[in-house]
Amino acid sequence: MTKINITTLGCPKNIVDSEHLARRFESEGFVHADDANDADILLVNTCGFIRDAKEESIEEILRLARVKGKKAKLVVFGCLAKRYRDELMKEIPEMDAIFGVGEDSSIIEYCKGLATGKRQEAIGDIKIPVAYRPSPIASSYAYLKIAEGCDKKCTFCVIPSIRGRFRSIPPEKILKEAGEHIKNGVRELILVAQDITKYGKDLAGYNLVSLLKDLASLTGDFRIRLLYLYPTEITDELLELIAKEDKIQKYLDIPLQHSEDKILRLMGRRGTRKEYIKLIRNIRRTIPGVALRTTFIVGFPGETEEDFQGLVDFIEEMRFDRLGVFKYSKEEGTPASKLKGHVPEKVKDRRLDEIMKRQALISLEKNMELIGRRYEAIIDEVDGTIAIARLYSHAPEIDGVVIIEKPEARSQKSELRVGDIVTVEIVDAFDYDLKGVLYP
């Protein structure tokens, strides 16, 4: 039996791609090895979005090149591999094969050739289909990628050139995969795409609201979480559905990228500061208690101290529940790379640090307000005297958690398990995490 090990870097969309690929490998008779040292074939799903992500991908490729030894093979695929195929082949000869995005069948065939001792062509054609492949089951949650590619023209972003134009995955295939996850005990389905608000724009009479209604109608005790909504395409119809549908978590991830009109225009983003404030107030009015997450970019070309202070003031005024900040990364081939007024790295570092310090205080204040309240929580991990859980306001892997001490005290009749939905009372709060106890 040929053993494989898959390392995934980057966003949840890459996680979905790797999970789908792993399931296909399993169906072909390959066996997963948890330790890269035990694998016959090492695969790396790379990220090429910004400089830090590219550097992380290259470091991981080089690490595995040292690990693989004489017999194992190293296969690199994904966004970085598509974008820098020729450069990677030249600079890292230890790679045995390189493929782009959406080439699962070629990767499988190549690895089957390795398993049977046949030599295969190591470079794919980098086609980008919208393929459906049931993904393996995560412990308490599973990502559902509902679309591929992007039609937006953000001047800093390379995703459209890597993943192609926006294509919705057919709803029947999404519903089928969702049903399989629910049947296998998944408690939270997390919808991801570069822009989920555009879902269905290439389908006749079917959109994100239609999909959510169909997903919510599936039988089972599960929740739905939405990631990556484009701000100017959030409709009242969508907000009203989220407000009234119990299965949809009251949590929205809306990457705004900036607040100042001048910078938004340079970024190629739609909307204005005034429109963003109106949107956020409308969301909070329509969905009481909603948790809002966003991301911002600091140090974009042309961002002055006045622009930055405007962003800081916006963050202080809006008081987001969750917030991430990235330093602008100059990516070759993007319109933003040709703009004037690039900001020095030290200035970017200072601006990022200032925002994160301010957000930590906001987050702590919001968390302190939760002490004494009771919430539904999903259990992600159980380890003796400690359990890790998430509230509706916590997306896995990017937000905080609830630390539950002495979960064995819950009941002598039933053991706490991953995937259980329980009631917790919040007893303490930190910058990003909470401490809770199980409520009988």
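The values are calculated or read from the model by the stated rules, or taken from the named source; none is laboratory data. Only a predicted model underlies this, so the values are computations on that prediction, with no experimental measurement involved. Every residue, glycine among them, receives a Cβ derived from its backbone with ideal geometry; neighbour counts consider all protein chains shown. All accessible areas refer to the heavy atoms of the entire protein, side chains included, with ligands and DNA or RNA removed. Shrake-Rupley method; radii C 1.70, N 1.55, O 1.52, S 1.80 Å.
Quick notes on this structure:
- Every residue from the range 156-208 that is surrounded by fewer than 20 Cβ atoms within 10 Å (Cβ to Cβ), modelled with pLDDT of 95 or more and hydroxyl-bearing (S, T, Y): Y206
- Some residue of the range 88-99 being at pLDDT below 85 and small (G, A, S): no
- On inspection, V418 qualifies as in a loop (DSSP other than H, G, I, E, B), in contact with a strand residue (DSSP E or B) (Cβ under 6 Å, 6 or more places away or on another chain), surrounded by 14 or more Cβ atoms within 10 Å (Cβ to Cβ) and among the β-branched types (V, I, T).
- For the range 220-259, the set of residues classified as among the polar types (S, T, N, Q) and closer than 16 Å to I190 by Cβ consists of Q249 only.
- Test: residue in the range 24-40 that is surrounded by 17 or more Cβ atoms within 10 Å (Cβ to Cβ) and of a type in the set (S, T, Y): no
- Between S363, S393, the distinction of being touching a Phe, Trp or Tyr at 6+ places or on another chain (Cβ under 7 Å) and either part of a helix (DSSP H, G or I) or open to solvent by 70 Å² or more (accessible area, probe 1.4 Å) (or both) belongs to S363 only.
- Residue check for I378: exposed (fewer than 15 other Cβ atoms within 10 Å of the Cβ), touching a strand residue (DSSP E or B) at 6+ places or on another chain (Cβ under 8 Å) and either touching a residue at least 24 places away in the same chain (Cβ under 8 Å) or not in a helix (DSSP H, G or I) (or both): no
- Exactly one residue out of I283, I242, I190 is over 17 Å from A395 (Cα atoms) and under 23 Å from the mean Cα position of the chain (by Cα): that is I283.
- Annotation note: of Q194, Q257, the sole residue that is in contact with a Cys (Cβ under 6 Å, 6 or more places away or on another chain) and over 23 Å from P288 (Cβ atoms) is Q194.
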